[in-house]
Structure formats: structure tokens, C-alpha cells
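*Asks:* Next up is a structure, given as C-alpha cells.
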Amino acid sequence: MLEGYGLKREHLKRAKEKGVSLVVTVDCGISDIDEVEEATSYGLDVIVTDHHTVKGDIPPAHAVLNPKRPDCSYPMRDLAGVGVVFVLVCVLRRMMRERGLFRGKSEPNLLRYLDLVAIGTVADIVPLLGDNRIYVRYGLEEIRRNPRPGVSALLDVAGVRREYFDEVDIGFRLGPRLNAAGRMGNSFLSSLILVEESPLRAMEMARLLAEQNTERQSVEGAILREAERALERIELEDRRTIVLWQEGWHPGVIGIVASRILERYGRPTIIFSLEGAEARGSARSLPGVNIMELLKRCERWIETYGGHAQAAGLVVRRSNLESFARALEEEARGIVRGEDLEREICIDGEVTLDELTERFFSEVSLLAPFGEGNQEPLFLARGAKIVNYEKKRNYTSFRVSQNGVVQDVISSFLPDGISAGDRVDILFSPRESGRGRGKLFLRDLTPS
């Protein structure tokens, strides 16, 4: 976390001094116009691959691959950063084939790399539609069938059975562990484990990443509690945005904290980490509220920024934080409507527990992979009786019954005052769990 995001002049100079002639960026570079211009001035070719919003001019690189370029004809605008790179590799293989470079030898099997594309696509929280959906579906199959040593070790440490591995496991088990290294220190470990060929060394790395993830959770929890205490002193009812900062907040987890605050309070949120004269921020926004548009309207107070409609990073001078926060709130009042802040839940259907058959779970699974842009279906069951429940470390497991049918439920919460024997209405997403069985993942619960 010492060097931050994006291209750095000193890195490009160092690469040139070591004899490097070509630099290919991944998931960055579209905003680094000055850095690319300087690199080309001393003979370094740069190929930019990125998927972040284009704010203005295109960097003067040898090539700039970004599906969000206004002049880009690629049909899938919402590719993840890893997806853009995968398309580049596919085209390079085709060009090599056309030039006869594979004559007398086997071509590289790019299907073998779809596991990495799937992990990167889900972790990047892009819409799971179009190409992204295809990459994730077949990448998951590759992981279930033949996981590379590093992925296999991560699954073992996380306690995930690979035959039931799905996109949820990427989002909540693999992704956080791989991200933990970069958030808490050096991201190099996350890269090493994915190319490690020794199962023994991969397992050692997976255990270290698990430890760093536990540390990340602890730091994140502490900052979240401090942020919520700060919010207790703010009248949120009439506010459109939330902007918070404090000394000592770790820059590696402020994005997660911003997501948690957004989820709980339903307002575009920016959390800053203070570093000397600068404040590095991570922004998260609601569907329908483009945070990049809001930041653009406040550019006079921002040193640099970049990102997507719902997530962005920015740097503001510490002395400008108060002015920036006021400007953001003022601009948001012209963009964010009251109805944008209201939480609406769309239910796909009302069911009884006896309708949740093996066929039901199997047919729902055909709609997967689920994620951004392709949400899991939500069903409502009324008048279910809580048979028993058990609080685990990170979740609650309980059983409900209705008309003689008993069903397992998993939840990250259980409202206070609910106990065995109570009748409740449950809102849930069904998920196949193997061997003809399924589980219900609780989204909401209320007494009948």
C-alpha cells in the first residue's frame, strides 16, 4: 500500500534502465496520461489494458484497450480488467496462428486460464452478463475439475469442497484471501500462489494469506466501529452523502468499510485514509447514482480520481477535505433523489416449503452464475416455524418447518427476540448444495 494505484514514473524509468522495451498495464493506465507520455519520450512502448471510466483524453500509448472508450466497437463494455487482458491474449494467439508460429507445435490451451479469469471477474464485481457470464461459468467448471495447486490450497484452507465451488465462494472466500495480501502489505504473495506448482509451497502460502485475511477482518471491524461512532454525531436524515476520515485508518480496507457503510445507511459513501498532506479515499455508490459524475463536479477540490459508476478512488489534499465534503453534498442534492435512497426489494415469487424440491433447486441453479447484474432470485415463504438455531462464528444456522417439511437455512444474522417455536416470514435465495439437497440463504426475516 506504499505505492498506491496506477502507473508510476519511477517504476517506468527503472524498467527502462533494466532494458525493458514494452510495458503492458493491467486494470490501470487510462488516467495516467502524463506517465505514459513521459515513458514514450524515452523509447518505452506502453500498451494500456484497462476497463475504468474514460474521463477525457486517451493516453498516448502504443495501444489502449478499454471497452469504455467512446470509439471502442467491442460489444461488451463491462468487461473486468482481467477480461480485457484475456481478450488481448486470445487475439495474440490468433495472430500467431495466422502467421504460422504454431506450425509443428501445439497451441496454448487458453481454457486452462479461465479459472483465473473467473476469479478476477467475480472479485472485480462487474455485471455477470455477456462475456463475463461465460468466463465465470466455464472458469468455475475448470476449478471444480482440475484446480491449480494455489487455488486448491486456498479452497482447502477455506474449508470449501471443490465439487460444490461456486461464484459465492470466489466472492466471500477466495477473493478476500487473495486481496488480503495487498490490503495489509505486499500483494506479490497473491500472484505467487496462483502460479505456484508445488502443492506444499502453495499450502504454506494459503495459510499465510488466511492469517493476513484474519488481520484484515480485525482492522476492518475496528475502523467500521469508529466510523459508526462518528455517524452517531451526524444527522443523516437530510443528508445525501457520507464522507468520513480519521487518523490511523488503514488505506487497504477503507474500500470495504465504505461498502459496509453504504449497505447499512443507503447513501453514497467516501472513506478517507490520511497520509501526510494527502487523503486517499475510496468511494462507493448506489445503483443509479454515478459516483464518477459526482466527483467530476467536484474536481476543483480533487488531486486525482478514477473508477466506475459505483466505485472509485480519489486523492484530496487534507486541507481541502472539509470543502470537498461540502461540495459533494451540495452536488449530490441536485443528482440524488429521495427515492434513490429508499431500499426496494423485488420478490420473484411466494412459495411454500414443500415446493422446494430437488427439481426446484436444480432449475434455479441453471440461472447461475449469480452476481452484479444477475442477482440471485428471491422467494418469500410465510408462516414458517423456527425449529432450532445455532450461532456459529460468522453466521447462524437454523431449521424451519412448514406443513411437515423441514428446511435448512443459513444466515449472516438472526434478529433479536426470535427464538425456537416462533412463526416467521422468510425472504431467501435458494442454493443447490449437492446430493439432491438445497439450502436457503436468508435475506430478511419478520414475525408472521
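The values are calculated or read from the model by the stated rules, or taken from the named source; none is laboratory data. No experiment lies behind these values; they were computed from the predicted model shown. Here Cβ is always computed from backbone atoms with ideal geometry, including for glycine, and neighbour counts include all displayed protein chains.
*Asks:* Failed condition for residue 181, given (1) in contact with a Ser or Thr (Cβ under 6 Å, 6 or more places away or on another chain); (2) at pLDDT 90 or above, with all others met?
*Replies:* Single failed check for residue 181: (2).
*Asks:* For residue 133, all conditions in the list (1) within 18 Å of the chain's Cα centre (by Cα); (2) free of Cβ contacts under 8 Å to residues at least 24 places away in the same chain hold save one; what is the number of the exception?
*Replies:* Looking at each condition in turn, residue 133 falls short on (2).
*Asks:* Right, residue 165: more than 23 Å from residue 325 (Cα to Cα) and out of contact with any helix residue (DSSP H, G or I) (no Cβ under 7 Å at 6 or more places or on another chain) or not?
*Replies:* For residue 165, the condition - more than 23 Å from residue 325 (Cα to Cα) and out of contact with any helix residue (DSSP H, G or I) (no Cβ under 7 Å at 6 or more places or on another chain) - is not met.
*Asks:* Now, a different point. Taking segment 417-431 as the region of interest, how many residues are assigned to a strand (DSSP E or B) and either more than 18 Å from residue 375 (Cβ to Cβ) or free of Cβ contacts under 8 Å to residues at least 60 places away in the same chain (or both)?
*Replies:* Adding up the residues that qualify gives 6.
*Asks:* Taking the options 445, 353, name whichever one is crowded, with 16+ Cβ neighbours inside 10 Å and under 30 Å from residue 288 (Cβ atoms).
*Replies:* From the options 445, 353, the qualifying one is 445.
*Asks:* Step by step: first the residues of segment 372-408, then only those that are of a type in the set (Val, Ile, Thr) and under 14 Å from residue 446 (Cβ atoms), then the one that is surrounded by the most Cβ atoms within 10 Å (Cβ to Cβ). Which residue is that?
*Replies:* 400
*Asks:* Being of a type in the set (D, E, K, R) and either touching a strand residue (DSSP E or B) at 6+ places or on another chain (Cβ under 6 Å) or surrounded by 17 or more Cβ atoms within 10 Å (Cβ to Cβ) (or both) narrows it down to one of 229, 201, 216, 225, so name that one.
*Replies:* On inspection, the qualifying residue turns out to be 216.
*Asks:* Next question. For segment 158-180, what are the residues that are over 18 Å from the mean Cα position of the chain (by Cα) and not aliphatic (A, V, I, L, M)?
*Replies:* Selection gives 159, 161, 162, 163, 164.
*Asks:* Consider residue 118 carefully, then state whether it is within 17 Å of the chain's Cα centre (by Cα), part of a helix (DSSP H, G or I) and buried (at least 20 other Cβ atoms within 10 Å of the Cβ).
*Replies:* Yes: the conditions hold for residue 118.
*Asks:* Moving to a separate point now. Of the conditions (1) surrounded by 15 or more Cβ atoms within 10 Å (Cβ to Cβ); (2) in contact with a Pro (Cβ under 8 Å, 6 or more places away or on another chain); (3) not in a helix (DSSP H, G or I), residue 77 satisfies every one except a single condition; which number is it?
*Replies:* (1)
*Asks:* Quick one: count up the residues across segment 294-314 that are touching a Leu at 6+ places or on another chain (Cβ under 7 Å) and within 10 Å of residue 327 (Cα to Cα).
*Replies:* Result for segment 294-314: 3.
*Asks:* So, one more: Any residue in segment 226-253 that is under 22 Å from residue 335 (Cβ atoms) sitting within a Cβ distance under 6 Å of a residue that is assigned to a loop (DSSP other than H, G, I, E, B)? List the pairs, counting only those 6 or more apart or interchain.
*Replies:* Final answer for the pair search is 240/336; 241/267; 241/268; 242/267.
*Asks:* Of (1) at pLDDT 90 or above; (2) in contact with a strand residue (DSSP E or B) (Cβ under 6 Å, 6 or more places away or on another chain), residue 374 satisfies all except one. Which?
*Replies:* Single failed check for residue 374: (2).
*Asks:* Out of segment 330-350, which residues are aliphatic (A, V, I, L, M) and either surrounded by 14 or more Cβ atoms within 10 Å (Cβ to Cβ) or in contact with a strand residue (DSSP E or B) (Cβ under 6 Å, 6 or more places away or on another chain) (or both)?
*Replies:* Listed by number, the residues that qualify are 332, 335, 336, 341, 347.
*Asks:* Identify, from the list 93, 103, the residue that is among the basic types (Lys, Arg), out of contact with any Lys or Arg (no Cβ under 7 Å at 6 or more places or on another chain) and assigned to a helix (DSSP H, G or I).
*Replies:* From the options 93, 103, the qualifying one is 93.
*Asks:* Restricting to segment 144-157, give me the number of residues that are more than 19 Å from the chain's Cα centre (by Cα) and in a helix (DSSP H, G or I).
*Replies:* 8
*Asks:* From 327, 381, which residue is closer than 30 Å to residue 408 by Cβ, of a type in the set (Gly, Ala, Ser) and without any contact (Cβ under 8 Å) to a residue 60 or more places away in the chain?
*Replies:* Just one listed residue meets the conditions, 381.
*Asks:* Given 183, 201, which one is in a helix (DSSP H, G or I), in the same structural domain as residue 79 (by TED's automatic domain parsing), over 21 Å from the mean Cα position of the chain (by Cα) and on the phi < 0 side of the Ramachandran plot?
*Replies:* Answer to the selection: 201.
The rows are residues; the columns are (1) over 27 Å from the mean Cα position of the chain (by Cα); (2) at pLDDT below 90.
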{"residue": "381", "(1), (2)": "yes, no"}
{"residue": "384", "(1), (2)": "yes, no"}
{"residue": "394", "(1), (2)": "no, yes"}
{"residue": "416", "(1), (2)": "yes, yes"}
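*Asks:* Examine segment 364-381 for a residue that is touching a Gly at 6+ places or on another chain (Cβ under 9 Å), hydrophobic (A, V, I, L, M, F, W, C) and either outside the structural domain of residue 420 (by TED's automatic domain parsing) or more than 24 Å from residue 166 (Cα to Cα) (or both), and state whether such a residue exists.
*Replies:* Checked against the condition, which is being touching a Gly at 6+ places or on another chain (Cβ under 9 Å), hydrophobic (A, V, I, L, M, F, W, C) and either outside the structural domain of residue 420 (by TED's automatic domain parsing) or more than 24 Å from residue 166 (Cα to Cα) (or both), segment 364-381 yields no hits at all.
*Asks:* Of the conditions (1) of a type outside the set (D, E, K, R); (2) touching a residue at least 60 places away in the same chain (Cβ under 8 Å); (3) over 20 Å from residue 311 (Cβ atoms), residue 31 clears all except one; give me its number.
*Replies:* Just one mismatch for residue 31, condition (3).
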